[in-house]
1. What translational diffusion coefficient, in µm²/s and rounded to a whole number, does the Stokes-Einstein relation yield for the protein assembly as shown at 10 °C and a viscosity of 1.306 mPa s, taking the hydrodynamic radius as the Kirkwood radius over Cα pairs?
2. Which GluC sites (Glu not before Pro) in the stretch B:236-326 sit in a loop by DSSP (not H, G, I, E or B) and have at most 10 other Cβ atoms within 10 Å of their own Cβ?
3. Quick one: Debye curve from the alpha-carbon atoms of the stretch B:102-228 only, equal weights, vacuum; give me log10 I(q)/I(0) at q = 0.09, 0.10 Å⁻¹ to two decimals.
4. Using +1 at the C-beta of Lys and Arg and -1 at the C-beta of Asp and Glu, which of A:SER44, A:ALA167, A:LEU127 has the Cα lying farthest in the positive direction of the dipole of chain A?
5. So, R0 is 60 Å and r is the distance between the beta-carbons of B:SER246 and A:VAL115; what FRET efficiency does that work out to, to 0.05?
6. Among B:307-314, A:234-241, B:71-78, A:37-44, how do they line up by average Cβ neighbours within 10 Å per residue, starting with the highest?
7. Calculate the spin-label point distance for B:SER284 paired with B:ALA29, positioning each point 7 Å from the Cα along the beta-carbon direction, and give it in nanometres.
8. Based on alpha-carbon positions alone, could you give the equivalent ellipsoid semi-axes of the stretch A:63-267 from the gyration tensor, as √(5λ), descending, whole Å?
Amino acid sequence: MAQVTVPVAQTGSHRLRRIRSRVPIWHLFWLLIGALFFLLPVYSVVRFSLQGILPGQNPLHWYLTVFDDPNFKTSFWLSVQIALETVAVSLVLMVPTVFWVHLRLPGLRPVMDLVSVIPFVVPPIVLIVGLAPFLKTFSTWLFVRPEVLSLIYVVFALPFMYRALDAGLRAIDLKTMTEAAESLGASLPRTLVKVILPNLRAAIIGGSLLTVAIAMGEFTVASLMGFTTFSVYTYNVGTSTAYEGVALTFISLLLVWGAMLGLYLLGRGGGGAAAVAIKD
Amino acid sequence: MTTVELRGLSRRFGNVVALDHLDLEVHDAEFVSLLGPSGCGKTTALRIIAGFEWPDSGEVLVDGHDVLGRPANKRNMGMVFQAYSLFPNMTAQQNVEFGLRVRKQSRDERAKRARELLELVGLGTAMSRYPRQLSGGQQQRVALARSLAIAPSVLLLDEPLSALDAKVRVQLREEVRRIQLELGITTLYVTHDQEEALSISDRVAVMSDGRVEQFGTPAQIYSGPRTAFVANFVGTMNRLEGTVVSSADRIVRCGPVMLNVPDPSFNHLAGETVELFLRPEDISLELLSNGDKPPEGLLEGRVTSLTFLGPVTRVGLATDLGPLLADVSSGVALTLAADTVVAIRLDSTALRSIAR
């Protein structure tokens, strides 16, 4: 009589054994070390934020205190507004520039590479000392408004936005796609909007994500220019009440992670550049 | 009706001459192939016609009007590229509709035209697929449909099949020709594949170093090469070097052998050094018994190699004229082996003479 094998549902230990047999033990070890490196500080933050509570008080007392403070919302929305403005200005400036350099001036790419790393090598304090007088001369009206931070953050975000767009454009056959669109009658602006941008979606989302992270977390310039952004507010709270400050830090972590996850999910939808041909 | 004429087209890239006073005339509804090795300027010529490159001098006339002043998006020329050029964010249908959308055609008109053209290229059932869901051959079919959707005055194809498998390439090139004949569209096709060019073109322009070496029908190019380059580039040729003994009688001495060359284009003076070309299929072999001499008018030769090519076998021969190649039917080749002595008959009517 023929033997029949019936598939049996895998138990947890079975599954673990299978994973162990597929992944070398050293990989798991380093993965664990990496996870601890990131998760331990977060755990410490959460733990500290639940301490210093008087008997009978809500365990989430410091979190509730943060949410009750009207300056929390004001500073958070100010940072969100600045972050979105920074993303918008960065995209408007960088997308057509990088597109044009890749398409028509590829010889300028090394120059662009060099320019894009300047914010890495010039400290923010030096940048602001140089930029502030210029911006003040350029527009006193703008200088006293928080929007001025967006212009400065565009410079800080330049390396990230440029690298993301550069990588995105390298991943597609820009020249052929542009020429194909032109041969079908499309102008260059139309080609950029209808053909190139949808295929740069992942790169744009990636660059925007990093720009948001920079704009939301920047402290030095905002503090020096006297704007109470979210990071400045967090610092101020931390200097007066340690527990509340740490609770606020955890909230800000969650908010930024949430924003990034949102952007990531938005970018996952499609528009991937790589078109892999199926074999005939 | 659309004609294309290139007049004195020149283009240099630094020190490299891509096009050297290129002249070419393509008739209405004609299928012309630009054939040549890499770097001969064929793609540069096509890109200048399309508007993606500009010549240093010369004219590109479409229906008698110079189009060099017009940008690529105003020339109304369909182009299929060597690289897969479909827009990855669009389905096959949306790709085909793109040019019509630019021309502000209604949604219904666009959908109808896209369906017609995708059916024409045999992809009526793949309209909603994205490029990543199509094979290379299917992508190039969609690219062809997309370029035809705008009803172009001229169709330009830049080695569209070179990235495909040999079998798909043969199938698709026949489809390209069928569609071109069906639509009667003036077509310029760039390729380095001589078989491709000869099999689907009305006329072929063989190019070398930015110039047209010879422009003619596939039969003229194959049977009557006018330059040594064309003779060597198109197909396989036996090349013999000789000296004209008699101009009137068209007698050429090649080593110890005198050859009569009835080539109607023979126009050389006595004493002139010429090259004679003969295709392997124009040489036939007869087996010789041991010690026998070949009949009068035939050469003696010894088999040096046998290469099986399917229906024919290419036989390498050592002769008084130097090494020769002959194509014999593979059945006959079974009687041959290395060092077999054979009598060689040259079809002198197929001999072509070119001055050195």
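Just so it is clear, none of the values below were taken in a lab; they were calculated from the coordinates. Keep in mind that what you see is a predicted model, and the values were worked out from it rather than measured. Quick reminder, even Gly has a Cβ in these numbers, built from the backbone with ideal geometry, and neighbours come from all protein chains shown.
1. D, rounded to a whole number, is 51 µm²/s.
2. B:GLU296
3. So the normalised log intensities are -0.31, -0.38.
4. After comparing all options, I get A:ALA167.
5. Computed FRET efficiency for B:SER246 and A:VAL115: 0.20.
6. Result, highest mean Cβ count within 10 Å first: B:71-78, A:234-241, B:307-314, A:37-44.
7. It works out to 4.1 nm between the two label points.
8. 36, 20, 14
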